[in-house]
Amino acid sequence: MTPNSAKVLDRELTPQIVEVTINRPEKRNALDLDALNMIIDALTRAIDSEARVISLRGIDGWFCAGADISAMRERGFAPALAEVLRLLSTAPVVTMAAIDGPALGAGMQLAMFCDIRVATARSAFGIPAGKLGLALDSATIVRLVQMIGRSTAAELLLGAETIDGQRAYELGFVQRCCDLDVAEAWAARIAGLAPLSIRAHKLALGVTPQPASAEDAEAMAVAIARAVGSDDFAEGRRAFAEKRRPVFRGQ
């Protein structure tokens with residue numbers, strides 16, 4: 001675990017659940033280059049461990065206020081943010097954003113690129129780029145439109161408005177609007193599912209609506225075949241027949 005003075009903390013809640021916490025309360029958990037590199041390190045460690053769920057959150061009533069304006073021009077900031085988003089979306093395990101308080105700008109991007117999102121009612125989501133003279137990359141905008149629709153995306157991007165946790169839930173942007181102890185319970189349930197099945201499903205969810213490329217199709221075929229031929233699949237069938245809870249090992 002990283003020292004408590006670090007800008008990012010990571011710890012194992014269980015061997016299968018890793019919690020990564022942005023720890024810059026004096027900056028409302030805004031991201032600078034150091035924090036981004038620490039998130040990359042924490043995610044990489046979790047991916048290389050036995051983790052099945054990575055839970056990302058902020059400290060002291062803020063998820064993340066976005067990019068630290070004073071750090072945005074640092075060499076390497078944009079590539080580091082892109083790498084964090086890539087890891088969240090492509091990690092072979094489930095990534096969960098556990099959101100309490102505002103998730104703005106790059107903070108909303110962190111939430112967007114996680115697989116699932118849980119938010120308290122007091123959470124707030126927005127992209128104040130228009131207030132700062134900034135512009136988001138097209139990949140993020142396309143993803144946002146896919147998640148909340150063009151009309152609401154325009155509200156956030158062109159009007160620089162925010163939406164609260166309840167509206168985000170109604171739009172389908174977050175899957176649960178509740179206290180974050182529900183997020184921990186949900187993470188525990190997900191961690192008990194068959195890892196190879198989840199990995200194959202995550203890969204499929206990441207495929208664009210256009211016809212899959214030959215590489216995507218091959219990767220999906222390999223992932224599906226691996227899951228179907230796994231010990232976990234056999235264990236799932238045995239547990240179903242025996243009316244007990246399965247114990248999956250990712251093999």
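With a ≥ b ≥ c taken as the square roots of the eigenvalues of the C-alpha gyration tensor of the stretch 105-180, please select rounded if a/c is under 1.5 and otherwise prolate if a/b is larger than b/c or oblate if it is not?
prolate
In terms of Cα to Cα distance under 25 Å, which lysines are near enough to K7, apart from those fewer than 8 places away along the same chain?
By straight Cα distance, K7 reaches K27.
When the helix-only estimate is applied to the chain (DSSP H runs of n ≥ 4, each -39,500 (n - 2.57), divided by the residue count), what is the mean residue ellipticity at 222 nm, nearest 500 deg cm²/dmol?
-14500 deg cm²/dmol
Among bridges DSSP assigns within the chain, what percent are antiparallel (round to 5)?
Close to 30 percent.
Could you tell me which of rounded, prolate or oblate describes the stretch 21-113, using a ≥ b ≥ c as the square roots of the eigenvalues of the alpha-carbon gyration tensor, with rounded for a/c under 1.5 and, failing that, prolate when a/b is larger than b/c and oblate otherwise? Please list the in-between numbers first.
Values: a/c = 1.84, a/b = 1.28, b/c = 1.44.
Here the stretch 21-113 falls in the oblate category.
Specify whether the C-alpha gyration tensor of the stretch 175-251 places it in the rounded, prolate or oblate class, a ≥ b ≥ c being the square roots of the eigenvalues: rounded for a/c under 1.5, otherwise prolate if a/b is larger than b/c and oblate if not.
Because a/c hits 1.5 or more and a/b fails to exceed b/c, the stretch 175-251 counts as oblate.
Take peptides 103-116, 34-47 and line them up by average Cβ neighbours within 10 Å, highest first, as a rough protection proxy.
103-116, 34-47
List the equivalent ellipsoid semi-axes of the stretch 152-209 in whole Å, largest first, each obtained as the square root of 5λ for an eigenvalue λ of the Cα gyration tensor.
After diagonalising the Cα gyration tensor, the semi-axes are 28, 19, 7 Å.
With label points built 7 Å along Cα→Cβ from the Cα atoms of Q166 and A82, find their separation and express it in nm.
Modelled inter-label distance: 4.0 nm.
I need two numbers for the stretch 91-247: Rg to one decimal and Dmax as a whole number, Cα atoms only, in Å.
Gyration radius and largest Cα-Cα distance of the stretch 91-247: 18.4, 61 Å.
The numbers here are math on the coordinates, done by the rules we state, and not lab data. All of these numbers come straight from a predicted model, not from anything done at the bench. Quick reminder, even Gly has a Cβ in these numbers, built from the backbone with ideal geometry, and neighbours come from all protein chains shown.
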